[in-house]
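Here's the structure we're looking at; comments come further down.
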Amino acid sequence: VYNFAAGPATLPDPVIQHIQEELPSLQGSGMSILEISHRSQMFDDIINTAKQDIKDLMHVPDNYHILFFQGGGTGQFAAVPLNLATNHHKIALLDSGHWASRAGDEAANLGVDVDVLASTKEQHYTELPKMPHPISSADYDYLHITTNNTIEGTAYHTLPEHGDVTLVGDLSSNFMAEEYNVQDFGLIFGGVQKNLGPAGVTIVIVRDDLVKHVDHVPTILDYEKFVKKNSMFNTPPVFAIYATGLVLKWLKDQGGIAGIEAINRKKSSLLYDFLDNSELFNNNIKKSDRSLTNVPFKTPDPELDKQVIQAADEAGLKNLKGHRSVGGMRASLYNAMPLEGVAALVDFLSDFEKQH
Ligand code: PLP
């Protein structure tokens, strides 16, 4: 089957096979990865290798820290303002959809002043909000953006102009799926359960000068403590970090992020080209803002959409139901989705169109 879920999502077959073979005994130790201590040499090697592979793949400069947290993207909606909104207690935000808005709500909930510079809510988020005017670090601790809007199917392929304001990027749904320049950001975060591994790990990449002591930050969200303890202040999600490490090796085999982005472009073009030429199916996202990883589409009739989802499921094309706020279908084409999976989807949709 091909799994088009928005997350947790499909993992590369060779990684699943590797895990299956190694599950009873890690590196001949007689113990499973599910059983080893996070204080063991074996795990130390696993986490440090994963960090190095992230550094290599994303060309992370030396003045950035790579951290592993639990709590998902949602945890970082709290961690980022707690650690970074400490000077002006005010942040800027571009409201590009559900997850950007959730991030803003959480910051506001923590007493931070959230200035929504622009929103495309009225356009049902079918395009990205643009910067309405220049901004300055004299006013804001940072600007929050969601690089890829998982539910709505838009993505910033070029970053908004942000002057000297620290840029914070929620890359949860296109982490390592397309190239970004880490140096353009003060901080990047993402749950790994879409492009990189199983649920349970959140990667944070943060510039050194932003890591400092802040009073009253819960330890589990404290960047300074996690830097000092190499992400092992408490017990980390050992298995999830191990599995993510295997996916990182697989990504290197695909030609790194440039290699996988080229494949992701092919995959999404194949589907968008079909949709743009279809008389039944439609993707209504502004072309320049279309996501490479999440493609929502609809027929004119919600009842027919249900039939599409049901028939696709029976044909082995799984989890195509769109998010409840958008309806219709959504195909998530994360890194581990092969081109053949998208070709199978397009064939299926094309047949469905002929029959209806
Ligand atoms: N940010 C984005 C862009 C997402 O797509 C998601 C989840 O789908 C989240 C944040 C929330 O992530 P989590 O479920 O890991 O808390």
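The values are calculated or read from the model by the stated rules, or taken from the named source; none is laboratory data. Not measured: the values here are computed from a predicted model. FYI the Cβ positions are ideal-geometry reconstructions off the backbone, even for glycines, and counts take in every protein chain you see.
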| Give me the pairs: first residue in segment 131-160 and outside the structural domain of N282 (by TED's automatic domain parsing), second residue more than 16 Å from the ligand (Cβ to nearest atom) and of a type in the set (S, T, Y), beta-carbon distance under 6 Å, and six or more apart or on different chains, which are they? | Y142/T166
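Return yes or no: is G200 closer than 13 Å to F68 by Cβ, in a loop (DSSP other than H, G, I, E, B) and not hydroxyl-bearing (S, T, Y)? Walk me through it before giving the result.
Values: closer than 13 Å to F68 by Cβ: yes; in a loop (DSSP other than H, G, I, E, B): yes; not hydroxyl-bearing (S, T, Y): yes.
The answer is yes for G200.
Identify, please: which residue in segment 124-169 is aliphatic (A, V, I, L, M) and part of a strand (DSSP E or B) and is, among those, nearest to A331 (Cα to Cα)?
Filtering segment 124-169 down to residues aliphatic (A, V, I, L, M) leaves 128, 131, 135, 138, 143, 145, 151, 155, 159, 165, 167-168.
This time we only want the ones that are part of a strand (DSSP E or B), so: 143, 145, 155, 167-168.
Numbers: L143: 29, I145: 23, A155: 15, L167: 29, V168: 27 Å.
Applying the filter and picking the extreme gives A155.
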| request: Filter segment 178-197 for residues that are under 13 Å from P61 (Cβ atoms) and either assigned to a strand (DSSP E or B) or within 12 Å of the ligand (Cβ to nearest atom) (or both) and give the result. | output: I188
| task | Consider only pairs whose beta carbons are under 6 Å apart and that are at least six residues apart or on different chains; among these, list those whose first residue lies in segment 233-253 and is over 21 Å from E179 (Cβ atoms) and whose second residue is among the basic types (K, R). | result | F233/K225
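Considering segment 275-332 alone, what residues qualify as being in a strand (DSSP E or B) and of a type in the set (F, W, Y)? Spell out the reasoning first.
Residues of segment 275-332 that are in a strand (DSSP E or B), as a first pass: 282, 290, 294-298, 317-318, 321, 329-332.
The answer is F297, and nothing else.
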| request: Select, from A262, A243, the only residue that is closer than 25 Å to Q17 by Cβ and surrounded by fewer than 20 Cβ atoms within 10 Å (Cβ to Cβ). | output: A262
| query | Among the residues of segment 39-69 satisfying the criterion of being in a loop (DSSP other than H, G, I, E, B) and surrounded by fewer than 16 Cβ atoms within 10 Å (Cβ to Cβ), which is nearest to the ligand (Cβ to nearest atom)? | reply | H59
| task | Name the single residue, out of those in segment 70-101 being in contact with a helix residue (DSSP H, G or I) (Cβ under 8 Å, 6 or more places away or on another chain), on the phi < 0 side of the Ramachandran plot and in a loop (DSSP other than H, G, I, E, B), that is farthest from the ligand (Cβ to nearest atom). | result | A85
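Looking for something among the aromatic types (F, W, Y) and closer than 30 Å to H323 by Cβ - is there at least one such residue anywhere in segment 32-49?
Here is the first cut: in segment 32-49, the residues among the aromatic types (F, W, Y) are 43.
Filter once more, so that each one left must be closer than 30 Å to H323 by Cβ: none.
No, segment 32-49 contains no residue that is among the aromatic types (F, W, Y) and closer than 30 Å to H323 by Cβ.
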| remark: Looking across segment 24-56 at residues that are in contact with a strand residue (DSSP E or B) (Cβ under 9 Å, 6 or more places away or on another chain) and among the aliphatic types (A, V, I, L, M), the single one that is farthest from V182 (Cα to Cα) is I47
